[in-house]
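What follows is a set of notes on a single structure, which appears directly below.
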Amino acid sequence: MRFFYNSVTIAIVIISFPFLVVAQTSTNGSNANAISTAVPFLTISPDSRSGALGDAGVAISPDVNANYWNPSKLAFIESDNSFSLSYSPWLRNLVPDISLSYLSYAHKLDDRNAIGLSLRYFNIGTIALTDGSGNSLGSFTPSEFSIDGSFARKFGENFSLGLTLRYIHSNLSNGSASTPNQGEKPGNAVAADVSAYYKNPTQEFGTDALFAFGVDISNIGSKISYSDNGPSYFLPTNLKVGIANTWYVDNSNDVTFAFDVNKLLVPTDPGSDVSVPAGIFQSFSDSPLSEEFKEIYYSAGLEYKYDQALALRAGYYYENPSKGGRNYLTLGVGFKYQEFGFDFAYLAASQANSPLSNTLRFTLSANFGGTK
């Protein structure tokens, strides 16, 4: 058990801003300049493959973790049944017991249709509670989770659409450390994602190639509140647009370049009292144009595969210093043996003393039922 209230780097502000782990850092690793939303854990990349590609994933080749990146890609998965389990110790430079776990499943219904299910669980660690006099009030483990269900369908041989429904639960206060009449409670919300994926087999530089484009708008949903009469906060509605280009050098070697851009579709002012649809449209014009461009963040990654059994990956993630400041290099490796796969990612943050520095991700996956 640990006492966080006096920490100079990270604290859970239960009464006023229950959705933030603040002082200098939000739970997704951004600094205090970032646009504020509730449940920022929904924006943390959960799996090791994309985690090693600088968090690029919306257009890379389909796998079971498309449930997070772009559910429309599930229509193109090859195995009848795919499973994946990912785990990442999080913000370990600040707090030793925060972690993100992610379980993903995909099932091919037929040649054109697929479904997906996923569970994301964010453990914020154990907090030792005290009153104003330092007397112990016990301990509490705040946590958040989301449960997703997705459906994807092909339209033709190279295009698909996807729809996801999501339930979100955020329990950041047990009420014992706050004013009794505030009516603190866990926050609950529902949301939806819409997504699309297009691929085009082609020839480039004298070799077979595949160009892919993906788009995903995630977390379009209700606001979330942590008290009976308190304010409601925007979910991290997010627009992801990306491309991926794969060159098949020969029968054993291929190289993929991926590039994503992201923008939060919420008002720059977290106190803006507008509806969710109004907030989405307002997000493109509530700041000067130069500031709007600063709110876009970028992911780029390179993946080399040998014989579909070994993968080497590297990437870079950039977020403007005035809008969150996450800048880091990522590296990773993947192995596949028969139906099973293992992927590992390492995050090397570029800024000194970054809370994200040396972050690790681990993913185990399996594919069963043959291929379609």
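The values are calculated or read from the model by the stated rules, or taken from the named source; none is laboratory data. Predicted model, so just to flag it, every value in this text is computed and none were measured. FYI the Cβ positions are ideal-geometry reconstructions off the backbone, even for glycines, and counts take in every protein chain you see.
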query = Which one of these does residue 209 not meet: (1) of a type outside the set (D, E, K, R); (2) in a loop (DSSP other than H, G, I, E, B); (3) surrounded by 15 or more Cβ atoms within 10 Å (Cβ to Cβ)?
reply = (2)
Residue among 328, 304 that alone is within 21 Å of the chain's Cα centre (by Cα), of a type in the set (Phe, Trp, Tyr) and either modelled with pLDDT of 95 or more or within 21 Å of residue 242 (Cα to Cα) (or both) = 328
task = Tell me which residues, restricted to the range 302-345, are among the basic types (Lys, Arg) and part of a strand (DSSP E or B).
result = 305, 313, 336
task = Have a look at 256, 268 and point out the one that is in a loop (DSSP other than H, G, I, E, B) and of a type in the set (Val, Ile, Thr).
result = 268
message = Condition first: assigned to a loop (DSSP other than H, G, I, E, B) and surrounded by 14 or more Cβ atoms within 10 Å (Cβ to Cβ). Now tell me which residues in the range 351-360 satisfy that.
response = 351, 354, 355, 356, 357
message = Please verify whether residue 299 is touching a helix residue (DSSP H, G or I) at 6+ places or on another chain (Cβ under 9 Å), modelled with pLDDT of 95 or more, among the polar types (S, T, N, Q) and not in a helix (DSSP H, G or I), treating the condition exactly as stated.
response = yes
query = Got a number for residues in the range 238-266 being touching a residue at least 60 places away in the same chain (Cβ under 8 Å) and not acidic (Asp, Glu)?
reply = 12
ask   = Which of the residues that make up the range 61-90 are under 15 Å from the mean Cα position of the chain (by Cα) and part of a loop (DSSP other than H, G, I, E, B)?
value = 64, 65, 70, 90
ask   = Looking at the range 95-111, is at least one residue touching a residue at least 60 places away in the same chain (Cβ under 8 Å), among the polar types (S, T, N, Q) and surrounded by fewer than 21 Cβ atoms within 10 Å (Cβ to Cβ)?
value = no
